[in-house]
Amino acid sequence: MRLNFLSGVKEIVGLEELEIDYAGELSGLLQLLCERYGEGLRRLVEDPDHAEKRNPFLKVLVDGKDPPEANPQLRGDETLFLFLPIAGG
């Protein structure tokens with residue numbers, strides 16, 4: 001699986017890309033990444049009001065698309081993008 005870290009996430013993880021051997025639920029992958037990259041990433045990933053939920057500001061695309069469910073099952077051959085959307089005007 002290829003992970004691409006973009007705006008906001010890249011700065012915390014210190015990488016733009018990561019190849020990882022993982023198959024399972026998205027929530028498990030995010031937990032694994034939080035364990036690996038620390039509290040800064042955990043604060044970004046977890047909803048500050050509900051630690052068991054994902055932060056609504058963290059965007060995760062699976063193979064370039066929004067997954068149809070909040071916690072999709074990953075096969076292990078996907079490309080994921082994790083980022084904070086940028087807004088402005």
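All of the numbers you see were taken from the coordinates with simple rules; none came from a lab. Every value quoted in this text rests on a predicted model; they were computed, and no experiment measured them. So basically every Cβ, Gly included, is an ideal-geometry build from the backbone, and we count neighbours across all protein chains shown.
Build a GNM of the chain with springs between Cα atoms under 10 Å apart, and of Leu15, Leu26, Leu74 the one that fluctuates most is Leu15. For the pair Arg36 and Ser7, label points projected 7 Å from Cα toward Cβ lie 2.4 nm apart. Stokes-Einstein diffusion for the range 1-46 at 4 °C, viscosity 1.567 mPa s, with a Kirkwood radius from C-alpha pairs, works out to 120 µm²/s.
With the Cα gyration tensor of the chain giving a ≥ b ≥ c as the square roots of its eigenvalues, does the rule (a/c under 1.5 for rounded; else a/b larger than b/c for prolate; else oblate) give rounded, prolate or oblate?
rounded
Computed per residue of the chain from DSSP H runs no shorter than four, each worth -39500 (n - 2.57), the mean residue ellipticity at 222 nm is -7000 deg cm²/dmol. For the chain, a simple Cβ point-charge model (Lys and Arg +1, Asp and Glu -1, everything else neutral) yields a dipole of about 180 debye relative to the Cα centre. Shown in residue order for the range 55-62 are the 3J(HN,Hα) couplings computed by the Karplus curve 6.51 cos²θ - 1.76 cosθ + 1.60 at θ = phi - 60°: 4, x, 7, 7, 9, 10, 10, 10 Hz (x for Gly and Pro). For the range 17-26, 3J(HN,Hα) computed residue by residue from phi via the Karplus equation (6.51, -1.76, 1.60; θ = phi - 60°) reads 9, 8, 9, 9, 8, 8, 9, x, 6, 4 Hz, glycine and proline entered as x. With θ taken as phi - 60° and the Karplus curve 6.51 cos²θ - 1.76 cosθ + 1.60 applied, the whole-hertz 3J(HN,Hα) list for the range 5-10 is 9, 10, 2, x, 7, 4 Hz, x standing for glycine and proline.
Arranged from fewest to most other beta-carbon atoms within 10 Å of their beta carbon, Arg54, Arg36 become Arg36, Arg54. Annotation: the antiparallel percentage among DSSP beta bridges lying fully within the chain is about 75. Between Asn71 and Leu15, full extension at 0.36 nm per residue minus the direct alpha carbon distance yields a gain of 17.8 nm. For GluC sites (Glu not before Pro), the sites in the range 1-86 that DSSP calls loop and that have at most 16 other Cβ atoms within 10 Å are Glu16, Glu69.
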